[in-house]
Structure formats: structure tokens, C-alpha cells
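Scroll down for the structure; my scribbles are underneath it.
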Amino acid sequence: MKETKSWSNGRGVAALFLLALLAIAGCDKKSEGTGAAPAAGADPKPKMVKLAFVTNNASEFWKIAQAGVKKYEQESKVQVDVKMPPNGTTEEQNQILENLASQGYDAIAVSAIAPADQVPVLNKTAEKSKLITFDSDAPKSNRLLYIGTNNYEAGKALGGHIVKLLPSGGKMAVFVGMLSADNAKQRLQGIEDAIAGKNIEIVDKREDNTDRAKARSNVEDIINAHPDLKLVAGLWSYNGPAIAAAIEALGKKGKVLAAVFDEEEGTLTAIENGTISATVVQKPFQFGYLSSKWAHELATKPDAAMAQIPASKGIDTGIEVIEKANVAEFKQKLAEMKK
């Protein structure tokens, strides 16, 4: 009887030992399978890429660029945050860039307001985010790529049109937000080179620091100060409508000619009614679309994207001259893009 009991107890212990081994093996298999719970602290979701598009002011012009941003968002299923300095000041833009960098944005596209002065801020931003520029470049900074207009060539195109408007020469004035911005300097240089030797004199250059009321009053002041003024030129988008309003208010339509930049609604209306002779338009829709695309690819596929950057580190989006003859067709195309 004792032997039977001893054998029975030994068999029971062995069975229990075997069950324990099986249970351990089962646990190991479960932990190795696809249904295993994530380790403590692990994030089961992929990191969401953070992208930003920072303009140089809040003008109507940037609504077209926003349409380009939205088109890329729809195609790629990503979000691109659009930030606009409400008053168009360097301090506001610097603060936006600092905030975005501190918030872990992967890539940022910016139209620099004062490129030379902003190099330290831009370089700090570039240390934390993939940085590209559009519209207004900052070539002395560590930005990776510039997307936008060749502003010198755009200025030459407008200057060539000014020469046609003033075949006998005459006095003109130039208006802009800030001459320190690279796009303003380059456009002005293009105009000056195009009118050189054509008996056309620039008698004044006025800045408005993106103040819309000042943009108009500057034009009124110069027209009143120079009774023999033949033409006014506006270098930034909102200068066109401001120039048109000033000319009409002073009763100078047809007496003082105007040639400007960009496609704000007030500018296009003024071309239709003859207050403005022509505008050189950029491709702001492409600014938004291509900046979003490059920012996304630099953030998610940095090696492949860097290999695709041109040696010039620039992508020229091109220009077009809009006059009364083609303004209706252009407005129709613009409406389609905004959709």
C-alpha cells in the first residue's frame, strides 16, 4: 500500500510540473504573437508629421497660396498649418517661427520679411526643423530650398512694360511695404535696369510697413508733391489696390499711369476699368502647393528629398503680365484655382 501511494504522489508531482511548463510556454508564445500588448510607455500610433506655411503678412494675396496648400493637403492626407503675421512685422514673424520650432514642427516654409536681419532666427529654426523659403528668400540663412519668383526678372518684366507706357520718358515713383525684403530689392533692381537709359527717373521710393492706410496716403502725397509725375509702381500685392484708390480719389485716372505686382481683386478690377495699366503676377498657388509638398517630403523622406534639390537651391515658379486684353481670362483661371 505504501509503495502504491508513493508512486501516486510522484506521478501527481510530475503532472503538475508538466502543466507548469506548458503554461510558461503558452505565455511565451502569446507575448511573441501579433496580438501582444505594447510594452509600457510605447506609442501604438505612428508620429503625426507637423508642417507649417508662414506668410509675410495677412494680405488677400495669400488666400491663393492657401488654396495651393489645401490642394496638397487633400492629395497627401496631411495637415499644413498656415500662419500669418497679422501686422506683417518682423517681430511677429520671428515669434511665430520660434513658437513653431519649440513645438516640434518637422518642416517649416516661410516668406522672410527682412531676410538679412532674420538670419539668426532662421538659423535657429533650421536647427530644429527642415526650413525652406518661398516668395521672399533668405539665401544667407541655412534654409534648404527657395520656391518662388525670380524677383529680379519679374522686376525687369514690369520695367519693360513701364518703358512701353512712357516712350518719351518721364518721372515715376515706387511704393512698397519694406525695401529691406529681398523680393522688394530684387524687383526694384530689375525695374531700374530695365528703364536705364530710357529718360525715366524714379523721383521717390516710399515704404508703408504693410500699413494699408499709409500705402494709399503715400501715393496721394507723392502725386500731390510732383504735378508732373507720369507713373507710379507698386511692388507688393496690396500696393495695387492702394494705388488705384489714390489715383481715383485724386481724379488722376489716365493722367498718372500705374504698373504693379500681383493679382489682388482690387488690382484686377482697376485693370478692367483702366486705372492700372498692367500687373506682373506670380504663381502664389504654386507657392502653397510646392512648399507644402517639399516640406512634407523633407520631413518624411529627408535623404530622397535632399537628393532632389536643384544645385541652385531654387525653383522658379514663373510670372505672367496681365493687361486689359487678358484680365478676364486670367480672372476665370484664378477662380478655378481658388476652388
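The values are calculated or read from the model by the stated rules, or taken from the named source; none is laboratory data. Quick caveat, the model's predicted, so the values are computed rather than measured. Quick reminder, even Gly has a Cβ in these numbers, built from the backbone with ideal geometry, and neighbours come from all protein chains shown.
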| Counting only residues that are of a type in the set (Gly, Ala, Ser) and surrounded by 21 or more Cβ atoms within 10 Å (Cβ to Cβ), which one in region 182-208 is farthest from Thr133 (Cα to Cα)? | Gly190
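Any residue at all in region 278-285 that's assigned to a loop (DSSP other than H, G, I, E, B) and closer than 24 Å to Glu73 by Cβ? Show your work before the answer.
Kept after step one, since they are assigned to a loop (DSSP other than H, G, I, E, B), are these residues of region 278-285: 282-283.
Restricting the remaining residues to those that are closer than 24 Å to Glu73 by Cβ gives 282-283.
Yes, region 278-285 contains a residue that is assigned to a loop (DSSP other than H, G, I, E, B) and closer than 24 Å to Glu73 by Cβ.
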| If you check Leu179 against the conditions, is it surrounded by fewer than 22 Cβ atoms within 10 Å (Cβ to Cβ), among the hydrophobic types (A, V, I, L, M, F, W, C) and under 17 Å from Ser111 (Cβ atoms)? | yes
| request: Working carefully through the options Lys214, Lys171, find the one that is surrounded by fewer than 24 Cβ atoms within 10 Å (Cβ to Cβ) and either touching a Leu at 6+ places or on another chain (Cβ under 6 Å) or at positive phi (or both). | output: Lys171
| query | For region 62-101, how many residues meet the condition of being of a type in the set (D, E, K, R) and farther than 22 Å from Arg143 by Cβ? | reply | 6
| Which listed residue, of Asp193, Asp204, is touching a residue at least 24 places away in the same chain (Cβ under 8 Å) and either not charged (D, E, K, R) or not in a helix (DSSP H, G or I) (or both) | Asp204
| task | Taking only region 48-63 into account, find how many residues are in a helix (DSSP H, G or I) and either of a type outside the set (A, V, I, L, M, F, W, C) or at positive phi (or both). | result | 1
| query | Identify, please: which residue in region 261-277 is of a type in the set (A, V, I, L, M, F, W, C) and surrounded by 24 or more Cβ atoms within 10 Å (Cβ to Cβ) and is, among those, farthest from Lys156 (Cα to Cα)? | reply | Ala270
| query | Would you say Lys30 is part of a helix (DSSP H, G or I) and modelled with pLDDT under 95? | reply | yes
| query | For region 227-260, what are the residues that are of a type in the set (Gly, Ala, Ser), in contact with a Lys or Arg (Cβ under 6 Å, 6 or more places away or on another chain) and surrounded by fewer than 24 Cβ atoms within 10 Å (Cβ to Cβ)? | reply | Ala245
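Any chance region 299-310 includes a residue that's modelled with pLDDT of 95 or more, surrounded by 14 or more Cβ atoms within 10 Å (Cβ to Cβ), assigned by TED's automatic domain parsing to the domain that holds Asp106 and outside any helix (DSSP H, G or I)? Give the derivation first.
Residues of region 299-310 that are modelled with pLDDT of 95 or more, as a first pass: 299-310.
Then drop every residue that is not surrounded by 14 or more Cβ atoms within 10 Å (Cβ to Cβ), which leaves 299-300, 302, 305, 309.
Next cut, assigned by TED's automatic domain parsing to the domain that holds Asp106 only: 299-300, 302, 305, 309.
Those still in the list that are outside any helix (DSSP H, G or I) too: 309.
The answer is yes, given that some residue of region 299-310 is modelled with pLDDT of 95 or more, surrounded by 14 or more Cβ atoms within 10 Å (Cβ to Cβ), assigned by TED's automatic domain parsing to the domain that holds Asp106 and outside any helix (DSSP H, G or I).
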| remark: Filtering region 261-296 down to residues that are farther than 25 Å from Lys339 by Cα and free of Cβ contacts under 8 Å to residues at least 40 places away in the same chain yields Asn273, Thr275, Ile276
| query | Identify, please: which residue in region 81-133 is part of a helix (DSSP H, G or I) and among the β-branched types (Val, Ile, Thr) and is, among those, surrounded by the fewest Cβ atoms within 10 Å (Cβ to Cβ)? | reply | Val119
| request: Considering (1) part of a strand (DSSP E or B); (2) touching a residue at least 60 places away in the same chain (Cβ under 8 Å), say which one Ala154 fails and leave the rest. | output: (1)
| remark: Counting only residues in region 89-147 that are within 19 Å of Gln308 (Cβ to Cβ) and among the acidic types (Asp, Glu), the one modelled with the highest pLDDT is identified as Asp106
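Does Lys214 satisfy the criteria of being assigned to a helix (DSSP H, G or I), modelled with pLDDT of 95 or more and either in contact with a His (Cβ under 9 Å, 6 or more places away or on another chain) or not assigned by TED's automatic domain parsing to the domain that holds Thr90 (or both)?
So Lys214 passes the test.
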